[in-house]
Amino acid sequence: MNLEHIKEEYQRLIKEVSDEKSLYDLKVKFLGKKGSLTEIMKGAKDLSPEERPAFGKAVNEIKAYINKHIEETKDELIKKEVEAKLVSEEIDVTLPAKEVELGGMNPLNKVIEEIEELFIKLGYSVAEGPEVETDKFNFEMLNLPKDHPARDMQDSFYITNELLMRTQTSPVQAREMLKTEGEGPIKIICPGKVFRRDNDDATHSHQFTQIEGLVVDKNIKFSDLKGTLEYLIKSVFGQDRQIRLRPSFFPFTEPSVEVDISWGQDGEGNTKWLEILGAGMVHPKVLEMAGFDPEIYSGFAFGMGPERIAMLKYGISDIRSFYTNDVRFLQQFSSDRND
Ligand code: PHE
């Protein structure tokens, strides 16, 4: 095969090249160790010394030509590949979008947020405290000394003798009062998780939530408490609801009340009542322990269970539904997300 033929063959074969792999094979075929040009170069030894330089030069020229041509072809191939990819991946912005499914807000959180908003409107601020609490704040500062029988009302998860999972949000009251060093006013709402030893069933859970309210100032009277509770209950359940206060006992309030909400009528036309929260005037001892002078300051406190409120409000019959995250349950509240 002479040099002219090699060039022609190259020009014929290059037309069939369609990708980088076949281009590489072609390069090897002509320029590789066993390629045609390498082979033909070997024939130089049979030529006369006068012929050799011209022959060598001609071979090198073809080599350079093929090399350069192959590089250019390679660039073109890459360019074409990129273009093809861009075309195939083109985004059609006119296609309809996939619908994004919005999650539902857990009705428990919805109730907590709603109550927070109600009190923020009245000038309260939201305060939080630790879930692992000391005996001092969970009990002692709330007028429940170590041997007090009322401690039995709240079966506790103890971690050590002095540390426990808080059984109520009331310790946040004591913490917040200490912070202001005996100076009022305090107006806070304290939502959070609480823990009590209990056997879980449809109406009991060893972990649940509470929202605590506390107001401490000069001249705070029982009527202020009553008005506040009325505002709360009517805002959450409707203006036609009534509240009823029954005397009760909490070690940290005096007097203490249990608050009922009117809930329809029985067969004989009497109002039915459901218990909804506990409240009272802050016990003078609690004020004193937290650095307030009970001769100057007074206050009220209330505590409620948002689970119970959500169950009544939305007709939920099993408290465990709030925690088990069954999407079928949560989806019933998904439209609430957009309101
Ligand atoms: N901490 C009380 C409980 O868990 C509720 C309560 C709070 C009562 C504030 C009165 C005042 O039972």
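The values are calculated or read from the model by the stated rules, or taken from the named source; none is laboratory data. This structure is a prediction, so every number in the text was calculated from the model and none was measured. Note that we place each Cβ from the backbone using ideal geometry, even for glycine, and neighbour counts take in every protein chain shown. Side chains are part of the model used for accessible areas, which takes the heavy atoms of the whole protein and leaves out ligands, DNA and RNA. Shrake-Rupley method; radii C 1.70, N 1.55, O 1.52, S 1.80 Å.
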Between beta-carbons, use under 14 Å as the cut-off and find the net charge around Asp224, counting Lys and Arg +1, Asp and Glu -1.
+2
With labels modelled as points extended 7 Å from the Cα through the Cβ direction, what inter-label distance (nm, one decimal) is found for Gln242 paired with Glu295?
4.2
Which value, in Å², gives the accessible area per residue of the chain when a 1.4 Å probe is used on the protein heavy atoms?
59
Report the Cα centroid-to-centroid distance between region 144-175 and region 191-246 in angstrom, as an integer.
19
Can you give the FRET efficiency to the nearest 0.05 for Lys57 and Lys34, using r as the Cβ-Cβ distance and R₀ = 30 Å?
0.85
per DSSP, antiparallel bridges as share of beta bridges in the chain, % nearest 5, sits at 95
Ranked output for segments 177-190, 317-330 by mean other Cβ atoms within 10 Å, highest leading, reads 177-190, 317-330
So how strong a dipole does region 1-106 carry about its Cα centre when Lys and Arg Cβ are +1 and Asp and Glu Cβ are -1, to the nearest 20 debye?
760
Distance in nm between label sites at Asp217 and Lys179, each 7 Å beyond Cα in the beta-carbon direction?
1.8
In terms of solvent-accessible area of protein heavy atoms at a 1.4 angstrom probe, what is the ranking of Lys57, Lys74, highest value first?
Lys57, Lys74
Would you work out which of Met105, Pro185, Ala84 lies farthest towards the positive end of the dipole of the chain, given +1 charges on the beta-carbon of Lys and Arg and -1 on that of Asp and Glu, about the Cα centre?
Ala84
Considering the dipole of the chain built from charges on the beta carbon (Lys and Arg +1, Asp and Glu -1) around the Cα centre, which of Gln168, Phe300, Phe252 is farthest to its positive end?
Gln168
In the full protein assembly as shown, how much of Asp25 is accessible to a 1.4 Å probe, in Å² to the nearest 10?
70
How far apart, in nanometres, would the label points at Glu117 and Tyr158 be if each is projected 7 angstrom from Cα along the Cα-to-Cβ direction?
4.4
Which FRET efficiency value, to the nearest 0.05, do you get for Glu81 and Lys15 by plugging their Cβ-Cβ distance into 1/(1 + (r/R0)^6) with R0 = 22 Å?
0.75
Full-extension gain between Leu274 and Asp92, please, as 0.36 nm times their residue separation minus the C-alpha to C-alpha distance.
59.6 nm
Suppose R0 equals 30 Å. What FRET efficiency, 1/(1 + (r/R0)^6) with r the Cβ-Cβ distance, do Lys146 and Asn325 give to the nearest 0.05?
0.15
Given a 1.4 angstrom probe, I'd like the percentage of the accessible area of region 200-339 that is carbon and sulfur, rounded to a whole number.
46
